[in-house]
Amino acid sequence: MANRRKLTSRAGARGVTGFARKWGIVIGFSVLSYFIGFYHGSISLSVPSHSSNGVISDINPTSADGIDTVKQKFVSPDNQNPSPNVKPPQKTPSQTLRKDVVVGMAKGIAPKPLAIFVASLRKFSDCDMVLWMDEKSTKDPNTERIISKYRVEVRIFREENLNTYAQKWHPSSYRWVLMNDFLKKEGLKRSYRGVLMADVRDTAFQSNPFSILDEQGSVFFASSEDKDIPTRRIRDCQWNKNWIKDCHTSEILSKVSENPIICSGISIATLTEAQIYTQKMSDKLESKHGRKCERNGVDQGMHNVLVWTNEIPNLKITTQESGLIANMQSGLMLEKEYVDWNVDDDKECEMFETDDTGYDLFVRRCDIGLSGGATSKGDCCRACMNWENCKGFAFILDTGKCFMKDCANPNGEKRRISGGGSSGWMKLP
């Protein structure tokens, strides 16, 4: 098999310090170092055998579920002249006949992680790129330019147009409903071959992720968070264990708990397998029990149940060690390569008081959310301004995370941030 570089992700890094690994997607900053090797029953586990050219579309506000037909809202004349740095990728015979698509949720995304995601992908692929965003996020001048320059099809959605029970869901959950609706309506119409379902905030590409499909028939690739010989199983992680227990039954948890944790952030599949998968995810989330257990992360519990109960056809599982995806702390490296504007932290944070001494001044207080993909305190200031009820933040430099706070009083317990960082809070009127 040809030697490919990986996709890379920044979240959940495992000590990889550069892009010298063999493959293609980096996540966390995952660099999507996708899909090189995979295990499939080879270890002692119960492993089941219209490019839009920069179009921003507005989801029909009359739709009952908020995911109906779209109407063109904005097309930049510059989209006919892609960046000279983006070279048209070489196509294989199969790629000239059918198109691939990347789909992802990008609600509230900052321009920098968006630039890294789309620019790194465009470096290797001219696939369709379909992202769901809130309208406010698209108003940023840098975001608007990125959408046009890299030919992104943005589908603006409004939570109030989702079904009532879904309006309170985390975006990581209702993204599956949006993706499922899109693939049902557009998959065959646009003659898609491959579908990459990706976390957008912390993913970058080091090769064409769809090249693995040239060597496969019908397939669904999922990725383990562990090595070839797993050191951690579902039973060992309270988060994953409780996501499954709360949304299913103790019997289901017992059935799957001895298996490795499979990440729901990155999957790639041929169209039919992707349609089956997103339908099953939507069904689980929209079930009576699924509606009650919903919170950030439960989609990964559902994902693991589908994997380990053999509900995904033509499944192949890759590993961190020899597979398609690498978790890497690579945000600053990626920013230098793909962010083509200067970020002025002082300007971004002009509405905030900040403390750069490396302490979290809001320890165990006021938490209302988490935003990833940050490379400076300015990203956290911007994210807080766009986050409902946010009045402060704690920025963790080595993980790129912004912990959002609904209080602006830092006079509490403080703790040094391992790896460096800052705290910020809104100035008094």
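The values are calculated or read from the model by the stated rules, or taken from the named source; none is laboratory data. Predicted model, so just to flag it, every value in this text is computed and none were measured. In case anyone asks, the SASA skips ligands and DNA or RNA and just uses the protein heavy atoms, side chains included. Shrake-Rupley method; radii C 1.70, N 1.55, O 1.52, S 1.80 Å.
Residue by residue, what Karplus-based ³J(HN,Hα) values in Hz, rounded to whole numbers, does the stretch 163-173 have, using 6.51, -1.76 and 1.60 with θ = phi - 60° and x for Gly and Pro?
Calculated HN-Hα couplings, in order: 4, 3, 5, 8, 5, 9, 6, 6, x, 5, 8 Hz.
Compute the convex hull volume of the Cα atoms of the stretch 351-419, divide it by the residue count, and report the result per residue in Å³ as a whole number. Let's see the in-between values first.
Numbers: hull volume 5.4 nm³, N = 69.
For the stretch 351-419, the hull spanned by Cα atoms encloses 78 Å³ per residue.
Using the Karplus equation 6.51 cos²θ - 1.76 cosθ + 1.60 (θ = phi - 60°), what ³J(HN,Hα) coupling, rounded to whole Hz, does each residue of the stretch 98-104 give in order, writing x for Gly and Pro?
In residue order, the calculated couplings are 9, 9, 10, 9, 10, 10, x Hz.
What list of ³J(HN,Hα) couplings, whole Hz, do you get for the stretch 306-321 from phi and the Karplus terms 6.51, -1.76, 1.60, once you set θ to phi - 60° and write x for glycine and proline?
Values, residue by residue: 4, 5, 8, 10, 6, 9, 10, x, 6, 6, 9, 10, 9, 10, 4, 6 Hz.
Stretch Thr249-Lys184 to full length: gain in nm at 0.36 nm per residue minus the Cα-Cα span?
Working: separation 65, 0.36 × 65 = 23.40 nm, distance 2.96 nm.
Here the answer is 20.4 nm.
Dividing the alpha-carbon Rg of the stretch 158-233 by 2.2 N^0.38 Å yields what?
Numbers: Rg = 16.3 Å, N = 76, 2.2 N^0.38 = 11.4 Å.
Normalised Cα radius of gyration, the stretch 158-233: 1.43.
Take Tyr150, Tyr192 and sort them by solvent-accessible surface of the protein heavy atoms, 1.4 Å probe, largest at the top.
Working: Tyr150 25, Tyr192 0 Å².
The ranking, largest first, comes out as Tyr150, Tyr192.
Using a 1.4 angstrom probe on heavy atoms only, work out the carbon and sulfur share of the accessible area of the stretch 133-172 in %. If you can, show how the numbers build up before the last one.
Details: 840 of 1720 Å².
The value for the stretch 133-172 is 49 percent carbon and sulfur by accessible area.
Among rounded, prolate and oblate, which fits the stretch 272-404 when a ≥ b ≥ c are the square roots of the eigenvalues of its C-alpha gyration tensor, a/c under 1.5 means rounded, and a/b larger than b/c means prolate?
prolate
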